[in-house]
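Right, one structure below, let's go through it.
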Amino acid sequence: MPPADTGASVTDRAAASPQSSTDSSSSAAPTDPESDKLRPGGPGYRRMSFALFAAGVATFALLYSTQALLPAISADLDVAPDQASWTVSAATFGLALGVIPLSALSERFGRRTMMTASLTVAAMIALLVPFAPSLGTLIALRAVQGVALAGLPASAMAFLAEEVRAKALVAAIGLFVAGNSIGGMSGRILTGWVAQAWGWRVALGAVGVLAVVCAVAFRLLVPRARHFVPRAVGPRTLARTLGGHLADPLLRRLYAIGALFMTVFGAVYTVIGYRLVSKPFNLPQGIVGSIFVIYLVGTVSSAAAGTLVGRMGRRGALYLAVGTTAAGLLLTLSSSIGAVLAGLVLITAGFFAGHAVASSSVSRTAKTARAQASALYQCAYYIGSSLGGALGAAAFHAAGWSGTVLLGLAAMAGAVGITLYATRKAVVERRLLSLAKAA
């Protein structure tokens, strides 16, 4: 999934007064701002790439570590799916709450410092999670872990924008995003197979060990920041900036669309394990965990989103993403495992395409303080994930898989309604503009 840029803009940094920082190795401004930045083949670039890749793997492996294990957690702790689902929703909700304040703190204390602290705290909590004596304790630990993890997406994009040459920035961000998707996928697959052999607690311990290894690798590899300039972001300034973005109707629509797409995705992948381990499929835990390899489809559809927007426009691409997701939801109602897997492929492709269109549109729409505009999108996005997981599990508990599908279709209907409203508004504005020109 593509992360949002939550750092200071180039203009913001240029306007700030130069001063020393514990994250900076030099306070002297070079004649050419790009001359001493990291570039492919240059010193430090490969270390930086591997460091951010490791951070991405750890972040998403931890964030969704319990998702593939929900049936096993339910059986062992004797809890219903809607209760167990909070082990996922609590983490994503914690991240949603933490991403904006931690993005502000990274402006003061540095991106590298924030990322190191975030990853270290989250990895330490991961080693405690397997020993949670009750569901309540497990959910509480996961919520704190989500808040800690918020420091990564709040800082990583800003770090790359400040330290990497502009021409190499897309490739550097791409590697970090690859770490996100591989971490999300591999974490679920790892926990699925380990849980099948030794139980869900050992599986969570394995993810914790993986996170510690990634945290150590990140700290050893990440280069010192040379272009970070600290600036205080006070509560009033932050509130004024966020209020300005929320007052923009287009940005509000984009935030809502991102949340609705993530509601579907969170609901489907939180509940699908329960369906696949039950009749008529009766799949073992390891196979259920391996289902998440379908995430690779998202890598392709995300990359194709730019081409779709070029050919169909932003709203056309959103209509296609909604239609693909809805078709996938309906296909999963089948009792054929092949049809269910095909449905999951369509849901995944549609979700990642819709997310890519909405998130990229936020950066283009916001004219100032793009960092905070993207942070708001991330907040809405992870709130959607939390609600999707909780409501999807509740619907499954009440009405089975058809209840979860109905929830997903309702969310997609909401996305269509928002897009239709935007289309109608654009048509009216074009007509008024044409009349004004004619007059």
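The values are calculated or read from the model by the stated rules, or taken from the named source; none is laboratory data. Quick caveat, the model's predicted, so the values are computed rather than measured. No Cβ is skipped: glycine too gets one built from the backbone with ideal geometry, and neighbour counts run over all protein chains shown. Only protein heavy atoms, including side chains, enter the accessible area calculation; ligands, DNA and RNA are left aside. Shrake-Rupley method; radii C 1.70, N 1.55, O 1.52, S 1.80 Å.
General observations
- Considering (1) surrounded by fewer than 24 Cβ atoms within 10 Å (Cβ to Cβ); (2) touching a strand residue (DSSP E or B) at 6+ places or on another chain (Cβ under 7 Å), the lone condition that ARG111 does not fulfil carries the number (1).
- Failed item in (1) under 29 Å from PHE109 (Cα atoms); (2) open to solvent by 60 Å² or more (accessible area, probe 1.4 Å); (3) in a helix (DSSP H, G or I), with ARG201 passing the rest: (1)
- Counted residues, the stretch 213-245 - those being in a helix (DSSP H, G or I), crowded, with 17+ Cβ neighbours inside 10 Å and hydrophobic (A, V, I, L, M, F, W, C): 7
- Comparison of ALA171, ALA158, ALA150 shows that the only residue that is open to solvent by 60 Å² or more (accessible area, probe 1.4 Å), at pLDDT below 95 and within 19 Å of the chain's Cα centre (by Cα) is ALA171.
- So VAL277, is it more than 24 Å from GLY146 (Cα to Cα), modelled with pLDDT of 90 or more and among the hydrophobic types (A, V, I, L, M, F, W, C): yes
- Selection from the stretch 62-109 of residues that are outside any helix (DSSP H, G or I) and free of Cβ contacts under 8 Å to residues at least 24 places away in the same chain: ASP78
- Selected residue (only one of ALA267, ALA256 is open to solvent by 10 Å² or more (accessible area, probe 1.4 Å) and either free of Cβ contacts under 8 Å to residues at least 12 places away in the same chain or not basic (Lys, Arg) (or both)): ALA256
- For beta carbons closer than 6 Å, sequence separation of 6+ or different chains, a first residue in the stretch 275-290 that is within 19 Å of THR191 (Cβ to Cβ) and a second that is at pLDDT 90 or above and open to solvent by less than 30 Å² (accessible area, probe 1.4 Å), the qualifying pairs are ARG275/TRP401; VAL277/PRO71; LEU283/LEU276; GLN285/ALA195; VAL288/GLY273; VAL288/LEU276.
- Scanning the stretch 273-321 for residues that are open to solvent by 50 Å² or more (accessible area, probe 1.4 Å), of a type in the set (Val, Ile, Thr) and more than 22 Å from TRP401 (Cβ to Cβ) returns THR299, VAL300, THR307.
- Close contacts from the stretch 316-335, counting a first residue that is outside any helix (DSSP H, G or I) and a second that is open to solvent by 10 Å² or more (accessible area, probe 1.4 Å) and of a type outside the set (Asp, Glu), with Cβ to Cβ under 6 Å and a gap of 6+ residues or different chains, come to SER335/PRO280.
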